[in-house]
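The values are calculated or read from the model by the stated rules, or taken from the named source; none is laboratory data. Quick caveat, the model's predicted, so the values are computed rather than measured. As a convention, Cβ positions derive from the backbone with ideal geometry for all residues, glycine included, and neighbour counts pool all protein chains shown. Heavy atoms of the whole protein, side chains included, go into the accessibility calculation; ligands, DNA and RNA do not. Shrake-Rupley method; radii C 1.70, N 1.55, O 1.52, S 1.80 Å.
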Amino acid sequence: MPSRKFADGEVVMGRWPGSVLYYEVQVTSYDDVAHLYTVKYKDGTELALKESDIRSQSSFKHRKSQSSSSSPSRRSSSRSRSRSRSPGRPAKGRRRSASQSREHKDDKKKTVQETSLALPVLVLFKPSENNTKRYNGEPESTEKNATSCIILEQKLKPDLEIKRVLEQYSLRSRKDDKKKEEIYSEKKTFVAVKPVEKVPAKTKELEFGGRIGTFMLILLLPATVFYLLLMCKQDDPSLLNFPPLPALESLWEGRVFGIFLLWFFLQAVLSLLPIGKVVEGLPLSSGRKLQYRINGLYAFILTAAAIGVLLYFQFELHYLYYHFMQFAVSAAAFSLALSIYLYVRSLKAPEEELAPGGNSGYFIYDFFTGHELNPRIGSFDLKYFCELRPGLIGWVVINLAMLLAEMKIHNLSVPSLSMILVNSFQLLYVVDALWNEEAILTTMDITHDGFGFMLAFGDLVWVPFVYSLQAYYLVGHPTTITWPVAAAITVLNCIGYYIFRSANSQKNNFRRNPADPKLANLKFIPTATGKGLLVTGWWGFVRHPNYLGDIIMALAWSLPCGFNHILPYFYVIYFICLLVHREARDEHHCKQKYGLAWERYCQRVPYRIFPYIY
């Protein structure tokens, strides 16, 4: 096993990836497995570099001294040799003209040298449209390919050849010529740089409480879902009134599990239909971009048509209400089996396909967070499919089933106003997500988190069975509200939705095309990555305005259930905790990614989610 060359805390010169420029960095850590140094630049940016991309400061100073003029003794000996006139030397007058000629050649060589040194600056720092990469002395990122380096070498080659021809007739010693050859070969090697290959490093900073925390979450998440559903069936769903545990045989029914499988594979088939546009996701660590078919809204319309046909033929959709716990158990069992399959297949996945946040080497942690970033069966992306299809569309179907169950149980000709509000608000939320399906490709779930138990259970169990808690609660605990109260709740939901949608649209449009004339009024802080941090609009109000809109909508969904019990407000309480935790994760990743630019952004926008509060 090779020993490390540079120690932690040592100040060295690190090459900026994709360029030939070296900057002063400090070594922070070393990965013994990947043989990579984690270094920190002066602007706060942290990168993983190979040992070949790091050089000591003394080597740079030594090289500079080597390229300087010869020592005084050597110069004096050279002058003494020049006084002795050789037999074939021309006359004094001619010697003066030859000296002038050499001076002319020296000027020419100096011009060539200046030209050759100026070329890399022109190539590496060529201005481009919307160049936001220069910021407070931060190193500029360049395309990670060797094309620009090859072009640079081709441009340098003629000038270097002229220089060598001129030096061929100089009166320097052979030792000086040899030294020049070494400098030339070194410069050529330095220019013809190879692209840096990114090797995913081990996950060092464990989230969710590490191994113990993730193990507890694997047990607590299913228990929380079952507890909430049992509480909703109680006549008095207070916190102190713990529900009796049902018999184990009553929690499982083969028919229910078969219906769940039918639903899952129906949505899978709809996602594979050749309708809708195909878009590319963000670049992976290897530079490759995956393709995704955007047809979630079409799948929703076809599902709604299928449900309408079933209702026309008198299918009892409220069957979901009477077997709700069994459906939740079936979904939990399926998500556990899916998580095991995902982890087993990730053990054979190439290193570049592993998730940056789920590559710790600990079984429990990687099983929970997800070891593989984008597991696919052919072109079928499992994580992307589960994010929006079976759980999110299933949430709307469950709400509709609860509405029909309320009408049947309470003998109503029309559903209650509270049930209508809950169904309408949440239907709007789901349709909006499917309408803007492409925006999910830039979220942390897709770009950073692997597909493991956390997302599998969250997408297939938590979303459909916890997010529909208000509708499930209203079936057994009807709540009457007046029209003015309903109007006020509707206004509150509209405010939350407006903040949520306009903030997300502003961010997505800026990411897609920062040079759009429609966004000319937006101000931003440029970063070393080439991306900008918005400091005007909603993103200049708080750092996560979309989270603020989400929380306002969550409160509007719970208010129609009244104030008799806290149970229907579990969703808004949980959502605040979730978004505060996610905001902390975003803060950590953005600080590592953007460095000093993120600190400036935080100074400009001090509030995270709630203005003047948090």
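Answer yes or no as to whether Gly562 is open to solvent by less than 40 Å² (accessible area, probe 1.4 Å) and on the phi > 0 side of the Ramachandran plot.
Against the criterion (open to solvent by less than 40 Å² (accessible area, probe 1.4 Å) and on the phi > 0 side of the Ramachandran plot), Gly562 qualifies.
Identify the single condition in (1) open to solvent by 60 Å² or more (accessible area, probe 1.4 Å); (2) under 30 Å from Val33 (Cα atoms); (3) not aromatic (Phe, Trp, Tyr) that Val414 does not satisfy, given that it satisfies every other one.
(2)
For Ser379, all conditions in the list (1) within 23 Å of Asn436 (Cα to Cα); (2) open to solvent by less than 10 Å² (accessible area, probe 1.4 Å); (3) not aliphatic (A, V, I, L, M) hold save one; what is the number of the exception?
It fails just one condition, (2).
Would you tally the residues in segment 232-269 being surrounded by 12 or more Cβ atoms within 10 Å (Cβ to Cβ) and either in a loop (DSSP other than H, G, I, E, B) or in contact with a Leu (Cβ under 6 Å, 6 or more places away or on another chain) (or both)?
Count: 8.
Out of Val397, Val344, Val309, which single residue is crowded, with 16+ Cβ neighbours inside 10 Å, in a helix (DSSP H, G or I) and not charged (D, E, K, R)?
Val397
Can you work out which of the residues in segment 31-43 that are surrounded by 17 or more Cβ atoms within 10 Å (Cβ to Cβ) and out of contact with any Ser or Thr (no Cβ under 7 Å at 6 or more places or on another chain) is modelled with the lowest pLDDT?
Among those residues, the one meeting the criterion is Asp43.
Considering each residue of segment 49-58, count those that are surrounded by fewer than 19 Cβ atoms within 10 Å (Cβ to Cβ) and in contact with a strand residue (DSSP E or B) (Cβ under 7 Å, 6 or more places away or on another chain), and give that number.
Number of matching residues: 5.
Looking only at residues in segment 511-520 that are part of a helix (DSSP H, G or I) and touching a helix residue (DSSP H, G or I) at 6+ places or on another chain (Cβ under 7 Å), which one is most open to solvent (accessible area, probe 1.4 Å)?
Of everything passing the filter in segment 511-520, Arg511 is most open to solvent (accessible area, probe 1.4 Å).
Across segment 349-401, which residue is farthest from Gln291 (Cα to Cα) among those that are of a type in the set (Phe, Trp, Tyr) and touching a helix residue (DSSP H, G or I) at 6+ places or on another chain (Cβ under 6 Å)?
My answer is Tyr362.
Only one of these conditions is not met by Val431: (1) surrounded by fewer than 18 Cβ atoms within 10 Å (Cβ to Cβ); (2) of a type in the set (Val, Ile, Thr); (3) more than 29 Å from the chain's Cα centre (by Cα). Which number is it?
(3)
Got a sec? Which of Ile481, Ile495 is in a helix (DSSP H, G or I) and either over 25 Å from Ala223 (Cα atoms) or open to solvent by 20 Å² or more (accessible area, probe 1.4 Å) (or both)?
The match here is Ile495.
When you look at Asn508, is it crowded, with 20+ Cβ neighbours inside 10 Å, in contact with a helix residue (DSSP H, G or I) (Cβ under 6 Å, 6 or more places away or on another chain) and not assigned by the TED database to the domain that holds Leu217, yes or no?
no
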